[in-house]
1. For each of Val2, Val116, count neighbouring Cβ atoms within 10 Å of the residue's Cβ, then give the residues from fewest to most.
2. For the stretch 33-99, what is the convex hull (Cα atoms) projected area averaged across all directions, in square nanometres?
3. Give me the number: length gained by fully extending Asp34 to Glu58, i.e. 0.36 nm times residue separation minus the C-alpha to C-alpha distance, one decimal in nm.
Amino acid sequence: MVSYSHQRQLPHIKTTDYLVAVWLHPWVMERGADDVLYHQNGIVSECPRSNFFIVTNEKKLVTPSRNILKGITRKILLTLAISNGMVVEERDLSMKEISNATEAFITSSTKRLIPVREIDDVFSKPLNDGGITNQLYDLFLKKEKEIIAGH
């Protein structure tokens with residue numbers, strides 16, 4: 001993943017305006033990345049079609065709280081984390097904090113939960129460092145199966 005200074009128009013509303021994401025696509029691919037992480041003045045917001053999370057050294061789950069689309073998958077994941085005893089913080093998240101994170105991942109309705117291995121040169125973790133990410137993914141899949149089964 002690469003970062004880019006940008007704030008989506010009307011971030012609280014789901015729109016189909018992906019002009020910046022489309023415009024950035026060649027730049028993202030040139031850097032060998034799969035997606036872009038938006039930030040403004042060093043404060044992280046979201047990806048063009050995904051919400052962003054980190055896990056801190058203290059095992060806290062942190063996600064941006066403003067200037068984002070508060071997606072359905074994000075909401076379900078936060079509920080699952082809290083109900084399973086995890087400490088969750090919805091707050092401003094700085095690019096600098098990402099460098100100290102132990103894990104990072106994105107969520108969306110179509111992607112579910114995807115671990116992030118690298119963001120610029122700020123965050124780079126081995127793929128097997130995803131204990132909390134894997135736990136949340138398993139909880140999410142279980143909840144998804146319950147919803148599909150009608151429970």
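Every read-out reported here was derived from the displayed coordinates using simple, explicitly stated rules and does not represent laboratory data. Values in this document were obtained by computation on a predicted structure and should not be read as measured data. Counting neighbours? That spans all protein chains shown, and the Cβs are built from the backbone with ideal geometry, glycine included.
1. So the ranking, lowest neighbour count to highest, is Val2, Val116.
2. 4.8 nm²
3. 5.8 nm
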